[in-house]
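The values are calculated or read from the model by the stated rules, or taken from the named source; none is laboratory data. This structure is a prediction, so every number in the text was calculated from the model and none was measured. Neighbour counts run over all protein chains shown; Cβ positions are idealised from the backbone, glycine included. Ligands, DNA and RNA are excluded from the accessible area calculation, which covers all protein heavy atoms including side chains. Shrake-Rupley method; radii C 1.70, N 1.55, O 1.52, S 1.80 Å.
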Amino acid sequence: MTGEMPPPVPRRATATGRLPGLDEAPWDSQVNGTRVLFGEGRLEALGSLVKDLGGTRVLVVTDPGLVKAGHADRARSALRKKSLAVAVFSGVEENPTTLHVAAGVEMARREKIDFIVGLGGGSSLDCAKGINFILTNGGEMEDYRGTNRATLPMLDSVGVPSTAGTGSEAQAYALIARAADKEKMACGDDKARFRAVILDPGLLVSVPRRVAAVAGMDAVAHAVESFVSLPADDTARMFAAEAWRLLSTELAPALGESAGEAARAGMLWGAHLAGAGIDRGMLGAAHACANPLTARHGIVHGIAVSLMLPHVVRFNGEMIAAAYADLQRRAGMTAASPHELATRVEALREACHLPATLADAGVDTSSLPAMAEEAARQWTAGFNPRPVTAADLLELYRQAA
Ligand SMILES: [Fe+2]
């Protein structure tokens, strides 16, 4: 791809700044080097954005829910208005596997596409990145596990999240599960990043309340975990603290019957910044514990992390209480003890009407030792600020039981 990025206009906010009021939208910004178009209705700009970036034959990677909500058609018509050829792959499901990626690659090859748009929740965005890996570099997803293992150029792509959750649109990594055993593989490459992102809070209107709640708690976990993760630099902490401020303030209002535009906008921007925090930092033990819950028991990711996060905060807090107090201070809140921070996370989870214990979520205790072993092998466990062993993780599961 040879398209040149058009200059961002108007530039009214930076990632370090406050969320502009919606009356100031639309606006363009740069977060971590990715251009971000923000504002209600910005999906309409998709065609001109892709055209500016040099795309001519576009694969839109999405899921059936986005098709049903009419967003896939809106994306298609925005692209066609700019005379771009469009193929829509709507076969993405939750926790996408290597099979979903393979199906998307087959369509991409058949349609001879030269540009990818990921439209949807984290599953669609991750699948879009996964398709990009295999389409351009061949082989299997396993070949790209880790960081920067793709040797050939990849296609340019645009990410359009439809939930305020994973922040995948801000990250170089795709989480793709191996079809055989559902083990999630983190495949990252600087070339897999979306060149530009459209954050359109209007897309959140059609999201069912429970889906929004689950996604929102995932974003909360991203903010809290990335702030204290071992690799986090000060920029990562800046993103994470602003994300925590926005998400913890706006999550409950965003789920209300009469949720306003400001709450949706705050959630979408907050989830994006939390994703940027992960991109520069990492995650921790709550995510390490969550993956076996999803793989073994089918617990939705956002529920799994929200079950574990308060216990991880209390566990880490015995060693890094000052860091959690710093998170609160940077978010403009009173510096709290780790216990108070954990209690705040539990209150958010309750406001989301999500299960509070593993038992509530239907997980029996017999599998905990095996899950603890699996959790200890998760990549994210190694980034937790307090070292964790399988025995520590088993204790965390028991506390959550
Ligand atoms: Fe997550």
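For this structure, a couple of remarks:
- Scanning the range 258-281 for residues that are near the ligand (Cβ under 10 Å from one of its atoms) and not aliphatic (A, V, I, L, M) yields a single hit, Gly275.
- Exclusive hit being of a type in the set (Gly, Ala, Ser) and either part of a strand (DSSP E or B) or buried (at least 20 other Cβ atoms within 10 Å of the Cβ) (or both), set Gly47, Gly91, Gly54: Gly47
- Scan of the range 282-316 for residues that are open to solvent by 10 Å² or more (accessible area, probe 1.4 Å) and more than 13 Å from the ligand (Cβ to nearest atom), ordered by number: Ala295, Arg296, His297, Gly298, His311, Arg314, Phe315
- Count of the range 153-190 residues which are more than 26 Å from Met267 (Cβ to Cβ) and touching a His at 6+ places or on another chain (Cβ under 8 Å): 0
- Selection from the range 241-264 of residues that are aliphatic (A, V, I, L, M) and surrounded by 17 or more Cβ atoms within 10 Å (Cβ to Cβ): Ala241, Ala243, Leu246, Leu247, Leu251, Ala252, Ala254, Leu255, Ala259, Ala263
- Total residues in the range 162-173, condition more than 13 Å from the ligand (Cβ to nearest atom) and within 21 Å of Asp114 (Cα to Cα): 2
- Residue list for the range 133-172, restricted to those being touching a Lys or Arg at 6+ places or on another chain (Cβ under 9 Å), over 24 Å from Gly281 (Cβ atoms) and among the hydroxyl-bearing types (Ser, Thr, Tyr): Thr136
- Within the range 308-360, being under 20 Å from Gly284 (Cβ atoms) and β-branched (Val, Ile, Thr) holds for Val312, Val313, Ile320, Thr343, Val345.
- Hits in the range 109-148 (condition: open to solvent by 20 Å² or more (accessible area, probe 1.4 Å), among the polar types (S, T, N, Q) and more than 22 Å from Thr380 (Cα to Cα)): Thr136, Asn137
- Within the range 326-367, being over 15 Å from Ala400 (Cα atoms), within 25 Å of the chain's Cα centre (by Cα) and surrounded by 15 or more Cβ atoms within 10 Å (Cβ to Cβ) holds for Asp326, Leu327, Gln328, Arg330, Ala331, Met333, Pro338, Leu341, Arg344, Leu348, Ala351, Cys352.
- Among the residues making up the range 109-128, those that are closer than 9 Å to Val61 by Cβ and either in a helix (DSSP H, G or I) or not small (Gly, Ala, Ser) (or both) are Ile116, Val117, Leu119, Ser124, Leu125, Cys127, Ala128.
- Residue pairs meeting the criteria (Cβ under 9 Å; at least 6 apart or on separate chains; first in the same structural domain as Leu309 (by TED's automatic domain parsing), in the range 326-350; second open to solvent by less than 50 Å² (accessible area, probe 1.4 Å) and among the acidic types (Asp, Glu)): Arg330/Glu242; Ala331/Glu242; Ala335/Asp326
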